[in-house]
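Data first, discussion second: the structure below is written as structure tokens.
Derivation of every value follows stated rules applied to the coordinates shown; laboratory data play no part. Note that the structure is a prediction, hence the values are computed from the model and not measured. Every residue, glycine among them, receives a Cβ derived from its backbone with ideal geometry; neighbour counts consider all protein chains shown.
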Amino acid sequence: MIRFTVNGEVHELDVEPRRTLADALRDECGLTGTHLACEHGVCGACTVLVDGAPVSACTYLAVEADGREVATVEGLADGDRLDPLQEAFIEHGAVQCGFCTSGMLMAAKALLAEDPAPTAERVARYLRGNICRCTGYRKVIEAIVACGRT
Ligand code: FES
Ligand code: FES
């Protein structure tokens, strides 16, 4: 049995020791905004925050999250009000197919908590573990830099 909070809500789950956090979030908690692509810790699509730090939920075991606070993309918006980062992604055309977007947003959230006004170079370096096959990254970087300036 593990107990953790996800986006402020307490979850108690009976999980196998080998169950990944990504599978627990998607299948047990019903939070499918955390996407799975490589499932090897390489692409960043599954990025969530654990106690504020970005982790690849596909290689992070659910049992490791016991007693911790997990944040997923579903927790960014407040009802119909999007997070400023989500607004910036829309305004700057940083979303195409959207598959990488939840992971990009969560990584960017962690970066902005650490550095509220990062340079484009810092954003590019920070997001090196988040792969996007659509946008060419430029618009994603512009969106995060612009969000940091507001
Ligand atoms: S699905 Fe987790 S890093 Fe690619
Ligand atoms: S928007 Fe399609 S993979 Fe990034």
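Tabulated data
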read-out	value
Order by protection proxy (mean Cβ within 10 Å, highest first), peptides 61-68, 7-14	61-68, 7-14
Helix-only [θ]222 nm of the chain, DSSP H runs n ≥ 4, -39500 (n - 2.57) each, per residue, nearest 500	-8000 deg cm²/dmol
Lys/Arg +1, Asp/Glu -1 at C-beta; the chain dipole; positive extreme among 101, 34, 123	123
Local net charge near residue 93, Cβ-Cβ under 15 Å (Lys/Arg +1, Asp/Glu -1)	-1
Note, ³J(HN,Hα) from phi for the range 14-19, Karplus 6.51, -1.76, 1.60, rounded to Hz, x at Gly and Pro	9, 10, 5, x, 8, 5
Full-stretch length increase - residue 133, residue 150 - with 0.36 nm per residue and alpha-carbon distance subtracted	3.3 nm
Nearest 10 degrees, 0 to 90: helix 138-149 Cα axis against the chain principal axis	90 degrees
Charge-dipole axis of the chain as Lys and Arg at +1 and Asp and Glu at -1 on Cβ define it, positive-most pick from 79, 60, 113	113
Relative contact order [Cα under 8 Å, 6+ residues apart], the range 84-149, whole percent	53 percent
Cα centre as origin, Lys/Arg/Asp/Glu Cβ charges: the range 2-75 dipole, Debye	180 debye
